[in-house]
Each structure stands twice: as C-alpha cells, then as structure tokens.
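> Below is the structure I would like to discuss, written out as structure tokens.
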Amino acid sequence: MRPQIIALLGSPLTEGNTAKLLKKAVSGAESAGCDVRVIHVPELELTACREFYFCKDHETCMMEDDVSGLYPAFREMDSMIIATPVMTMGIPGHLKSFMDRFQVFYCAKYVRKKRLVSKEKRAVRRTLLLSISGMNLPENFDGVTLSVKSFCDILDCRYDDELFIRDMDNKVDLDRFPDLLDAAYQKGFRLGGLLTGKYCN
Ligand SMILES: Cc1cc2nc3c(=O)[nH]c(=O)nc-3n(C[C@H](O)[C@H](O)[C@H](O)COP(=O)(O)O)c2cc1C
C-alpha cells in the first residue's frame with residue numbers, strides 16, 4: 001500500500017490562493033508515490049470542544065460528528081499537510097475547532113500515557129505547514145505556527161517543514177508567482193519522497 005498523507009485545507013475557498021498552494025503540494029506528494037486525502041475543513045459538520053472530557057477515559061469523543069469519524073485515519077496516516085490562511089493573526093476558527101477536538105489524542109498521550117499512534121508510525125510521520133497572510137508583518141505566522149506545532153505534538157506527527165507566503169493582499173493571485181507554486185510542489189514531493197525513498201535528506 002502507498003503511504004497515506006492527510007491534507008487539511010483551512011481556507012473556506014476551494015479555489016483561493018491557499019487551495020492553489022495545497023494543490024501543488026498534493027501533486028508533489030503524489031508524484032513521490034503517496035496517496036493524499038484532502039479534507040476541506042470548513043465543510044465538515046463539527047461541534048467545538050465542550051470539555052466533557054469523555055476522552056480522559058476513552059479513545060474517542062462523546063460528540064459523534066465528522067471529526068470523530070476521522071480519528072482512525074489520523075491514527076493511521078503516514079504524514080500530514082496543513083494549508084491555512086492567517087486569520088486574526090491565527091488559524092481560522094473552523095480549523096482551530098477541528099484541531100481542538102484532537103484532545104482525544106492529547107488525553108491518550110499525556111493523561112493515560114497510552115498513545116493512539118503506533119511506534120512505527122511515530123518514527124516516520126511528519127507535517128508540512130503551508131500558510132498565507134494578507135499583510136507583511138514579521139509576526140504574521142507566529143500564531144499559526146504555535147497552534148500547528150502543538151497539534152503536531154498531540155498527533156505524534158513531527159513538525160518538519162513550512163512554506164510561508166506574506167503580503168498576499170498585494171500579490172493578489174498566486175498564479176502570477178509560479179516560483180512560489182513550484183516551491184509548494186517541491187515541499188510536497190519532499191514530504192512524500194521521505195516516505196517512499198524518492199527523496200533523501
Ligand atoms: C477574517 C479574515 C481575517 C484575516 N486576518 C488576517 C491577519 O490577521 N493577518 C494577515 O496578514 N492577513 C489576514 N487576513 C488575510 C488572509 O490571510 C489573506 O487574504 C489570505 O490570502 C487568504 O487566503 P485564501 O484566499 O486562500 O483563503 C485575513 C482574512 C480574513 C478573511
């Protein structure tokens with residue numbers, strides 16, 4: 001079976017600049033020999049964490065929705081791509097609520113000390129973060145990066161690589177910047193190739 005990568009799109013726009021960047025990274029990972037499952041997070045039916053803490057004693061959430069149905073895939077995935085715009089200096093609300101629901105993995109790892117991810121998977125899985133901001137400020141990606149790094153730790157999917165694009169309000173359309181789209185392709189190829197042996201560090 002080919003390595004499985006999950007790609008999260010945090011933008012509500014499926015044809016926007018973040019989506020374009022993700023499409024290139026997915027294409028790179030597929031060229032490297034991986035299967036990529038793209039999840040458009042804003043379309044998921046999900047409830048934000050209500051702190052019932054059912055997950056302190058169980059390997060799932062007591063709220064059954066699109067997120068709970070995805071837990072097995074997140075246990076089994078071999079790597080992950082997260083593509084998100086910056087909103088209010090952080091992650092868009094729907095994607096953040098999605099991430100918060102992975103308290104299920106946090107409790108298993110840190111409360112019960114019984115991780116949901118196997119040793120074999122932990123050894124290989126990595127995360128690539130792609131992010132775009134409208135403004136051009138030094139701290140543009142600080143909020144996104146902090147949350148994503150925490151999410152990666154909870155999921156035992158090492159934060160490994162990143163591509164940040166600033167000043168999108170002036171760049172307007174990524175199709176005018178083929179070098180940036182190619183950079184996303186290369187990052188995706190690297191992520192996938194590290195799993196298939198087509199890319200060596
Ligand atoms: C609600 C909202 C909040 C935003 N907040 C920020 C921000 O805090 N900093 C920033 O640099 N850009 C901000 N932006 C701009 C987006 O990051 C930028 O337009 C990005 O290119 C959107 O990507 P997309 O079109 O692929 O969704 C915001 C955009 C929206 C819609």
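> At 7 Å along the Cα-to-beta-carbon direction for both Asp153 and Glu64, put a label point, then send me their distance in nm to one decimal.
Modelled inter-label distance: 3.3 nm.
> List the longest stretch of the chain that has no exposed loop site; here a site is one of the trypsin sites (Lys or Arg not before Pro) assigned by DSSP to anything other than H, G, I, E or B, with at most 14 other Cβ within 10 Å. Please list the in-between numbers first.
On the way: sites that count: Arg50, Arg112, Lys113, Lys114, Lys198.
The longest such stretch corresponds to 115-197.
> Would you mind checking the tilt of helix 142-155 against the longest principal axis of the Cα atoms of the chain, expressed as 0 to 90 degrees and rounded to 10?
Here the helix axis deviates by roughly 40 degrees.
> For Ile132, which sequence-distant residues (separation of 5 or more, or a different chain) have an amide H within less than 5 Å of its own amide H, given hydrogens modelled in the peptide plane?
Under 5 Å from the amide H of Ile132 lie the amide H atoms of Thr84, Val86, Ile165, each far enough along the sequence or on another chain.
> Please find the FRET efficiency linking Val172 to Asp142, where r is the Cβ-Cβ separation and R0 is fixed at 22 Å, and quote it to the nearest 0.05.
On the way: r = 24 Å, r/R0 = 1.10.
Efficiency for this residue pair is about 0.35.
> Tell me the angle of helix 17-31 to the major Cα principal axis of the chain, expressed in degrees between 0 and 90 and rounded to the nearest ten.
Helix 17-31 sits roughly 80 degrees off the main axis of the chain.
> Next question, about the same structure. What angle do you read, to the nearest 10 degrees and between 0 and 90, between the alpha-carbon axis of helix 178-196 and the longest principal axis of the chain?
40 degrees
> Using the crude model of +1 on Lys and Arg Cβ and -1 on Asp and Glu Cβ, and no other charge, please compute the dipole size for segment 4-196 relative to its Cα centre, in debye to 20. Let's see the in-between values first.
Working: 26 positive and 28 negative charges, 162 e Å.
Here segment 4-196 has a charge dipole of around 780 debye.
> For a test of the definition: using alpha carbon positions, the gyration tensor, and the 1.5 limit on a/c, classify segment 114-201 as rounded, prolate or oblate. It would help to have the intermediate numbers written out before the result.
On the way: a/c = 3.79, a/b = 1.51, b/c = 2.51.
Oblate is the answer for segment 114-201, as a/c is 1.5 or above yet b/c matches or exceeds a/b.
> Further, regarding this structure: Would you mind calculating the gained length between Ser118 and Asp35 on full extension (0.36 nm times residue separation, minus the Cα-Cα distance), in nm to one decimal? Please list the in-between numbers first.
Details: separation 83, 0.36 × 83 = 29.88 nm, distance 1.98 nm.
My answer for the length gained is 27.9 nm.
> Shifting gears a bit: Regarding the chain, what whole-number volume in Å³ per residue does the convex hull of its Cα atoms give? Mind showing how you got there, number by number?
Values: hull volume 23.2 nm³, N = 201.
Given the Cα convex hull of the chain, per-residue volume reads 115 Å³.
All of the numbers you see were taken from the coordinates with simple rules; none came from a lab. Remember, it's a predicted structure, so these values are computed and weren't measured experimentally. When we count neighbours, we look across all protein chains shown, and the Cβ atoms used for this are built from the backbone with ideal geometry, even at glycine.
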